[in-house]
Structure formats: C-alpha cells, structure tokens
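Values quoted throughout were computed directly from the atomic coordinates according to the rules given, and no laboratory measurement underlies them. Just so it is clear, the structure is predicted and the values come from calculations on it, not from any experiment. Neighbour counts run over all protein chains shown; Cβ positions are idealised from the backbone, glycine included.
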Amino acid sequence: MSPRSASVNEELRRRSRERLLQAAVELVNEHGYEATTLGGIADRAGSARGLVSYYFPGKRQLVQSAVHRLMHRTLEEALEREPRTEDGRERLARAIDAILALARDRPVLMRQHMAGILQAEGLVQCPEQQRLAHLLRDTVARYGSTDVDADYATLRALLMGAVYAALVPGAPMPVPVLRGELFKRYRLDRDMGLPPGGETTPGGPQDTDLSRFFG
C-alpha cells in the first residue's frame, strides 16, 4: 500500500480536530464545563485520548475553540441564508441576531465561554476565533465603516456585553431588549435580521426602555 499523500493526511487531521471540537460543544452543553473531561471528549469524538493534547494545550483552550467554531458556523449560516444579500445593514442585523440567539439557545455553553475568557488565559487566538473575527470584520466593512479595526473592536465588545447581560445568573436582561438597544445603536430597522424566537420587547415592538431593569 502506498503511503498517504500530505494532502490526505492534512484532511484527516482536520476532520479529527473537527470531531473533537464538536464533541466538546455537545458535552459542555449537556453536562457543563466541570463535568466534562478531556477523556469524555475524546470518547465522544471516537478519537484516541492522546490526540486531544496533540491539538489543544488544555480543556479550557479546547472549549473556547469549540465555542468559537460554533459561533463562526452560526454566523456564517445567518449571513449566507436565502435570500442572500450584500446589503451591509441587513448583514449586520443578521450578525447581531445570530449571536444573541446563541445566548438564548445555548446558555450553559455561552456562560462558560464568557467565564473562560475572563480567566488568566484570556481570549484564545485559535483558527476558529480568527474565522469568526474575519466574518465580523467583513460585516463591519460592508456596513460602511471607515475604520474597520476600531469598529470591529467596538462591535465585538458590544456583542460580548450583550451576551454577558443575557446570561447574568439571577438578573438576566431579556434578549429582545438587548436586540433593540443594539439595533438602535446601529440604526437598523426592526424587521431586519432574524429576531431570536420572533420575540418582541416586553412593552411591545417599540419598547426598548432599559430603565425597568434597574432601580
């Protein structure tokens, strides 16, 4: 049997890494971060346990990469859904809704992701994070930014802040309210994007007053 080519080996490695990332998302979402082990991730992925440490230095880095992959894929799907559009305002609305939907639909996973970023390791600069950043930067550019670096950083911070606010234990902000504030910030129409769950804000379609949540 002739040896496999470099391209075949590279594809096998890519698929192996993808299986580990998917398994990490599934297990953390099902059982939480603390109950998820590297051995369990390897078993779910059908991989040898030594491959986990080959690709990732530790569990936190693996989970961050896994969530960045999920965010990238979710965002890409939202941006490319039919009918496809090149309109920058519509694409920004879709991006905001895609990230807020993850906070609503995957609270355990996203809460752990935010907690991990605040740990000593900080934000993991992995290929998955870079793909996510590329999509967000492209969205900002299409929106009409004249300073993509600064405006990308602002959008990233606003989205992270919104996710954090939606997931605060005991005092979460409703996703529709957070959506309304972000849409107001970027002057987006309410019928743009993909409203998470088709929800409206608590006081009706035009109600985004934050004062009711403080005091």
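By counting other Cβ atoms within 10 Å of each Cβ, how are I99, I117 ranked from fewest to most?
Ranking I99, I117 by Cβ neighbours within 10 Å, fewest first, gives I117, I99.
Which length gain, in nm to one decimal place, applies between Y55 and A150 when the Cα-Cα distance is subtracted from 0.36 nm times their residue separation?
31.0 nm
In a GNM of the chain with a 10 Å cut-off on Cα contacts, which of T74, T146, T36 has the highest mean-square fluctuation?
T146
Among M114, A6, P174, pick out the residue whose Cα is farthest towards the positive end of the charge dipole of the chain, where Lys and Arg carry +1 and Asp and Glu carry -1 on C-beta, about the Cα centre.
The residue sitting farthest along the positive end of the dipole is A6.
Is it possible to state the helix-based mean residue ellipticity at 222 nm for the chain, with each DSSP H run of 4+ residues giving -39500 (n - 2.57), the sum divided by total residues, to the nearest 500 deg cm²/dmol? What is it?
After summing the helix terms and dividing by the residues of the chain, the value is -21500 deg cm²/dmol.
If you fit an axis through the alpha-carbon atoms of helix 148-167 and take the longest principal axis of the Cα set of the chain, what angle between them do you get, 0 to 90°, nearest 10?
On a 0 to 90 degree scale, this one is about 90.
Would you order H134, H113 from fewest to most other beta-carbon atoms within 10 Å of each residue's own beta-carbon?
Fewest-to-most ranking of H134, H113: H134, H113.
Where in the stretch 75-171 are there chymotrypsin sites (Phe, Trp or Tyr not before Pro) that are in a DSSP coil and have at most 10 other Cβ atoms within 10 angstrom of their Cβ?
Sites meeting the loop and neighbour criteria: none at all.
Counting Lys and Arg as +1 and Asp and Glu as -1, what is the net charge of the other residues whose Cβ lies under 13 Å from the Cβ of A23?
For residues surrounding A23, the net value is +3.
Using θ = phi - 60° and the Karplus curve 6.51 cos²θ - 1.76 cosθ + 1.60, what whole-Hz ³J(HN,Hα) does each residue of the stretch 129-139 get, with Gly and Pro shown as x?
Values per residue, Gly and Pro as x: 5, 5, 5, 4, 4, 4, 5, 5, 5, 5, 4 Hz.
For V8, V175, V67, what ranking results if the residue with the fewest other Cβ atoms within 10 Å of its Cβ goes first?
With the sparsest Cβ surroundings first, the list reads V8, V175, V67.
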